[in-house]
């Protein structure tokens, strides 16, 4: 411990707790909440009804049961501007932060009529004029006006994207911890690389390592690609919901690796505040490599976020200070295979900073 | 299996007068197409999702996917397409153009999820909920589907023997996750579906987490909590194989063998499940099964208020038939058991002051009775010293 640590390092676990070197989660949640309520005012939204995993985490801070895959929209969190309260679908208070009271919880139901009845009791929701949602289904599109509120159901996306796009220092620290966990997973997988090992076994090593570090749900199980001439390892990790990841490739063709690294450097260098997605396209094209057929970059935060730059999309996307991006370079050579490199990049006022660090595989 | 599932969807489209389906949810896309995709966390699974379009009368589904490796071999080339990004406005016109090629402007189209970009940018079809179509198709399983569930369950159970062997005082919940997940992928699991649960059950409801209904909290999320001598833990995990979910539920004790009271909880659990299984066959209603279970537990409902006596399992970890939920008695009375239904029976025995017992037995309903899909060992319970 030291009074004002100059090198805070990245800690997880009990010794880090004593050092106070971990994230100040109460402050993290308070800052997110402030952004949500000011965003609702700016976008003239009286309430939010949210179902996306990242959005629910962003507004509530609750620890949600990790599950893979995407479910259709359902209102898991409700935010009311007038009362400044966040309501959560949770039958118990374990994993729910203290600023969400027991009165603010509503039951898990299998019967949509019961869910609607609970929602209708949320103070301030019935009389809302404009309610932002992050999706709909035909069922909820009729159930909400009939049983919950006559408000206009509008897109909460622009408001939430604006709030989530740039990260607070606490959020960045979470991404740094996730980076360290992803690097630890890459080291473990690299250590297990040997002739005869299968991609399933490497995925097993990956799972074991991230789980033992306290981050058991992976952003993706697509962490290992094996071809006759190459191995790509691409682990990610989620810490308190925040995602980081990296990828490295081992191949006999060192020229291919150099080309991949060169293109990666060019892409990262283009992650400057004030630039747009078009600058990443230009940087890529200037390297002389063909269309990779994969994203060049996408946002990171509570999981994968917009913007998506690549695959013909995202030329207009603004690169701003405080954004975190997953940037990747994929180059392939006919008959030899390909090389993938991926890193987690923070956009700072002076330019990009790599949050993931790892040499060659 | 893929062909038979597709035929079931087509039969439901025909029966319900719907012109087609647009599917975005991971499990329903998997059901309609058989396309494999890596397991991904919710928001990543949304941004990089697969989309399936089923047109009434067509011979195969259309698949729009970023995961070329997971495409079933038999999918015709003209039904395989590059990815759509339904969550983004950028490119939604491409999605709209595809749909106008599949459907006329006045079509009645089922959809499972609608992003705002879709609500703004897609044609104004008569959009209807897919749950009746997909739910009806999924309600009973083909023999191949049941074989997939059985295999997923076998892998899950095998990996759990390693996790149970690792359980001792001082092990953390996440350490058990590490052992389990490593082993289950070595054994060949396709994907993990859910963060494994190792919940420590307090001896009374009062000492457990506060709940809205006053009943037990379950399942709570795994942390780096230490497991200590005597802790009773309720284990739950679900991995998938070829798109089909398993569901493992058992009660374990930490560092000690179950005592006489705990063994009695287990015997009562077995009694309740056996009573339900004794009446289970085609034609029996969900309500009768629930009542039988309650009677076997001396009139006390043997499941947690927010759950059920039993749920189905398939490409979703919990799907119809649901027995004993807040859908109500009228629903349960109309829900009649049919051959090919799969039930995960998970009653809970609770004795306030002494915690309780919970396990899960998976059975498939046959033409005359049922067949068990899950294993029949309940260590560390069931073996009297």
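Some notes on this structure:
- Rounded D (µm²/s) - the range A:25-165, Kirkwood Rh over Cα pairs, Stokes-Einstein at 10 °C, 1.306 mPa s: 106
- Exposure proxy ranking, count of Cβ atoms within 10 Å, fewest first, for B:119, B:47: B:119, B:47
- Rounded if a/c under 1.5, otherwise prolate or oblate - the range A:169-354, Cα gyration tensor axes: oblate
- What separates the Cα centres of the range B:122-152 and the range A:261-289 is a distance of 44 Å.
- Chain B, helix-only ellipticity at 222 nm - DSSP H runs n ≥ 4, -39,500 (n - 2.57), divided by all residues, nearest 500: -10500 deg cm²/dmol
- As a length-normalised measure over Cα pairs under 8 Å and 6 or more apart, the relative contact order of the range B:22-121 settles at 29 percent.
- Spin-label model distance (nm) - residue B:226 vs residue A:102, 7 Å beyond Cα toward Cβ: 2.9
- Look at the stretch B:180-192: the mean tally of other chain Cβ atoms within 10 Å of its residues' Cβ atoms is 6.
- As a proxy for reagent exposure, B:141, A:121, B:281 were ordered by neighbouring Cβ count within 10 angstrom, fewest first; the result is A:121, B:281, B:141.
- At the listed q of 0.19 Å⁻¹, the Debye profile of the range B:2-138, built from one uniform point per Cα, gives log10 I(q)/I(0) equal to -1.13.
- Max mean-square fluctuation residue, GNM over chain A, Cα-Cα springs under 10 Å, options A:145, A:72, A:97: A:72
- One equal scatterer on each Cα of the range B:143-372, no solvent, Debye formula: the resulting log10 I(q)/I(0) at q = 0.10, 0.18 Å⁻¹ is -0.45, -1.43.
- Semi-axes of the equivalent ellipsoid of chain A are 38, 23, 21 Å, computed as sqrt(5λ) over the eigenvalues of the C-alpha gyration tensor in descending order.
- Each label was represented as a point 7 Å from its Cα along the Cα-to-Cβ direction; for residue A:193 and residue B:69 these points are 1.6 nm apart.
- Whole-Å distance, taken between Cα centres, linking the range A:63-137 and the range B:317-349: 26
- At full extension, residue B:366 and residue B:165 could sit 68.9 nm farther apart than now, given 0.36 nm per residue minus the alpha carbon distance.
- The range A:292-313-the range A:198-248 distance, computed between alpha-carbon centres (Å): 19
- The long axis of helix B:92-102 is offset from the longest Cα principal axis of chain B by roughly 80 degrees.
- Choice from B:356, B:57, B:290 with maximal GNM fluctuation in chain B (Cα, 10 Å cutoff): B:57
- Computed over chain B with a Gaussian network model linking Cα atoms closer than 10 Å, the most mobile of B:330, B:255, B:375 is B:330.
- Summary of packing: across the peptides B:180-191, B:201-212, the per-residue average of other C-beta atoms within 10 Å ranks them, highest first, as B:180-191, B:201-212.
- Projected label distance in nm at residue A:120 and residue A:315, using a 7 Å step from Cα toward the beta-carbon: 5.0
- Take every Cα pair under 8 Å whose residues are at least 6 apart in sequence, average their separation, divide by the length of chain A, and the relative contact order is 13 percent.
- Using a Förster distance of 35 Å, the FRET efficiency for residue B:108-residue B:334 (Cβ separation, nearest 0.05): 0.85
- The range A:87-160, relative contact order in percent, only Cα pairs under 8 angstrom and at least six apart counted: 27
- Spin-label proximity, residue A:282 to the range A:300-334 - amide N less than 17 Å from point 7 Å beyond Cα toward beta carbon: A:310, A:314-320
- Gyration tensor over alpha-carbon atoms, the protein assembly as shown, equivalent ellipsoid semi-axes in Å: 39, 31, 28
- Computed from Cα positions, the angle between helix A:277-286 and the longest principal axis of chain A comes to roughly 10 degrees.
- Estimated translational D of chain B in µm²/s (Stokes, Kirkwood radius over Cα pairs; 20 °C; 1.002 mPa s): 96
A short reminder: the numbers here are calculations on the coordinates, not readings from a lab. Predicted, not measured: the structure shown is a model, and the values here were computed from it. Cβ coordinates were reconstructed from backbone atoms using ideal geometry, including for glycine residues, and neighbour counts include every protein chain displayed.
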